[in-house]
Amino acid sequence: MAINARKVRAIIKREYVEHIRKKAFWIFTILMPVIWLVFIGVSILTQSRLSGKKRIAVIDPSGRYFRPLEEEIASGKHRDRIALVLRTPGPGGVEALKEELKKDIASTDDARKIDGFIVLDPDSVSGGKIEYWAASISDIVFQEMIERDLNRAFLRTRLAERGLSPEVIRQAQATVSLEAKSTNPKSTVGFWISYIFMFFLFFTLIQYGMYNLRGVIEEKSNRVVEIVISSVRPTELMLGKIIGIGLVGLTQYAIWSVLAMNMALLSGTGIAAMLPGGSIPTIPLSVVAYFVLYFLLGYFFYASVYTAIGAPFNTEQEAQQLAMFPTWIMVVPMMFWWTIVNNPNSTFATVLSFIPLMTPIVMFMRVTLIPVPAWQIAASIALMLGSIVGMAWLAGKIYRVGILMYGKKPTVPEILRWMRRSEGVPPAFEPSPGESTGS
């Protein structure tokens with residue numbers, strides 16, 4: 001049966017205008033970029049400043065390592081984060097001092113209070129294991145930082161004890177840093193683009209998917225759908241709602257893009273200072289095109305999924321349990337984000353990018369990081385289009401029955417039975433036992 005394009009356009013217009021007029025849409029659209037900037041700024045500020053200087057006691061019975069370690073920290077870029085205090089064992093030895101320092105960690109007296117202590121006895125150093133005690137050992141970054149300084153201090157001590165001059169030691173410890181350059185211009189900004197845009201894709205796909213679910217349930221609960229369905233077919237109604245809300249999403253992205261460009265122009269220096277690297281990355285046009293493409297593919301797929309989930313139920317609470325499944329699946333790429341970013345061309349990342357439930361996020365991440373073969377991009381798009389058609393077909397089957405079904409919550413076998421129904425007499429007028437319709 002052919003789709004009436006005029007009726008679908010009317011529904012698209014109704015959905016679009018209804019959502020655009022809502023205050024919640026504008027509040028979320030304006031606040032989202034501000035929240036992201038605050039989030040990034042607070043994260044950087046917390047890491048660089050609010051963590052403060054840690055007071056670390058050092059037990060060095062041999063007296064060989066404290067001074068080199070102190071010099072390493074004083075000459076390093078982390079000197080503002082660490083203050084070393086030398087503690088010498090008394091008559092009770094190292095073990096007695098360790099017990100005393102454990103009390104100092106818990107002390108409320110600022111003069112005694114320390115954040116942690118390390119034990120540099122010769123046996124531990126030669127065995128390659130150094131004890132580090134603290135009230136909390138969750139600060140992995142700090143531990144790695146002091147570990148690097150310790151290794152440099154040990155190297156300096158060992159070389160000095162073998163008669164090498166300080167100048168030779170300094171030259172031997174001279175480090176270099178990589179100035180990474182890529183043959184792929186995308187990769188210079190791919191890391192941050194994949195990170196930020198992945199979250200945008202994740203949240204907006206869920207947000208607009210849930211819009212569809214809530215819209216279906218609201219119209220069903222206030223019986224508006226019974227009036228609408230008298231003049232349009234359920235499939236036309238579903239199609240119009242999905243496209244209309246999808247256009248709302250694109251409008252929101254367009255507003256965010258304009259806001260981002262204006263903010264970059266007005267306060268580019270300030271924003272750049274907050275970003276790693278000290279500059280605002282340039283986003284290639286091809287990346288923007290891929291983002292819009294995979295958002296649309298993901299949106300139409302998940303919108304069909306959420307619409308199918310919402311149609312059989314009478315309240316959002318009833319649909320919530322099933323609605324969690326697509327959300328959990330979309331979390332999978334987030335869980336493996338670091339793995340994918342580190343090796344976007346691995347078999348694991350490639351396979352994930354061909355699973356339609358994850359394609360929008362994973363394939364987009366890959367194209368921002370590496371030059372993905374054209375056939376893989378084409379295959380992912382083809383798979384998504386096929387999945388959208390299949391999912392829309394299934395959603396249409398469920399929607400045309402469930403949208404006019406009221407009463408008890410349907411069971412999974414009943415929903416499967418709806419999916420096997422053929423087009424014909426509206427099933428809302430032939431309820432099963434225990435089911436009722438709004439007509």
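If you scan region 298-322, which residues turn out to be assigned to a helix (DSSP H, G or I), more than 17 Å from LEU383 (Cα to Cα) and polar (S, T, N, Q)?
If we filter region 298-322 for residues that are assigned to a helix (DSSP H, G or I), which is where we start, we get 298-310, 316-322.
Then keep just the ones that are more than 17 Å from LEU383 (Cα to Cα); that gives 306-310, 316-322.
Passing the criteria: THR307, GLN317, GLN320, GLN321.
The residues in region 291-315 that are of a type outside the set (Gly, Ala, Ser), modelled with pLDDT under 85 and crowded, with 24+ Cβ neighbours inside 10 Å can be counted, and the count is 1.
Checking region 264-275 against the condition returns no match, with no residue being in a loop (DSSP other than H, G, I, E, B), at pLDDT below 80 and over 26 Å from LEU37 (Cα atoms). For region 173-201, a residue qualifies if it is open to solvent by 20 Å² or more (accessible area, probe 1.4 Å), modelled with pLDDT of 70 or more and more than 19 Å from ILE255 (Cβ to Cβ), and the qualifying residues are ALA174, THR175, VAL176, TYR195.
Can you confirm whether THR235 is surrounded by 18 or more Cβ atoms within 10 Å (Cβ to Cβ), over 30 Å from ASP121 (Cβ atoms) and either modelled with pLDDT under 85 or out of contact with any His (no Cβ under 6 Å at 6 or more places or on another chain) (or both)? Considered against the rule, which asks whether it is surrounded by 18 or more Cβ atoms within 10 Å (Cβ to Cβ), over 30 Å from ASP121 (Cβ atoms) and either modelled with pLDDT under 85 or out of contact with any His (no Cβ under 6 Å at 6 or more places or on another chain) (or both), THR235 comes out as yes. With respect to (1) modelled with pLDDT of 60 or more; (2) open to solvent by less than 70 Å² (accessible area, probe 1.4 Å); (3) more than 22 Å from the chain's Cα centre (by Cα), the lone exception for MET261 is condition (2). Residues in region 101-114 that are open to solvent by 60 Å² or more (accessible area, probe 1.4 Å) and closer than 17 Å to LEU84 by Cα: LYS102, ASP110, ALA111, ARG112, LYS113. In region 104-124, the residues that are farther than 16 Å from ALA135 by Cα and modelled with pLDDT under 85 reach residues that are open to solvent by 30 Å² or more (accessible area, probe 1.4 Å) and in a loop (DSSP other than H, G, I, E, B) with C-beta atoms within less than 6 angstrom, at least six apart or across chains, in these pairs: ASP121/PRO61; PRO122/SER62; SER124/ILE130. Among residues that are touching an Asp or Glu at 6+ places or on another chain (Cβ under 6 Å), modelled with pLDDT of 80 or more and either over 22 Å from MET210 (Cα atoms) or surrounded by fewer than 16 Cβ atoms within 10 Å (Cβ to Cβ) (or both), ARG6 is not included.
When SER75, SER124, SER136 are checked against the criterion of being surrounded by 13 or more Cβ atoms within 10 Å (Cβ to Cβ) and out of contact with any Lys or Arg (no Cβ under 9 Å at 6 or more places or on another chain), a single residue qualifies: SER124.
Among helices (runs of 4 or more DSSP H) entirely within region 323-439, having at least 3 residues that are modelled with pLDDT under 90 and open to solvent by less than 40 Å² (accessible area, probe 1.4 Å) singles out 337-342, 359-369, 374-402, 412-420. The condition (being modelled with pLDDT of 85 or more and either open to solvent by 80 Å² or more (accessible area, probe 1.4 Å) or touching a helix residue (DSSP H, G or I) at 6+ places or on another chain (Cβ under 7 Å) (or both)) is satisfied by just one residue among VAL17, VAL58, VAL85: VAL58.
Scanning region 122-160 for residues that are within 40 Å of the chain's Cα centre (by Cα) and of a type in the set (Ser, Thr, Tyr) yields a count of 3. Could you please tell me which pairs satisfy a Cβ distance under 6 Å, a separation of 6+ or placement on different chains, a first residue in region 129-152 that is more than 22 Å from GLU95 (Cα to Cα), and a second residue that is β-branched (Val, Ile, Thr) and surrounded by 18 or more Cβ atoms within 10 Å (Cβ to Cβ)? Cβ pairs passing all conditions: ASP149/ILE73.
The values are calculated or read from the model by the stated rules, or taken from the named source; none is laboratory data. Here the structure is a predicted model, which is why all the values come from computation and not from measurement. In this analysis, Cβ positions are derived from the backbone assuming ideal geometry, glycine residues included, and neighbour counts consider all displayed protein chains. Note: accessible area is taken over every heavy atom of the protein model, side chains too, but ligands, DNA and RNA are not part of it. Shrake-Rupley method; radii C 1.70, N 1.55, O 1.52, S 1.80 Å.
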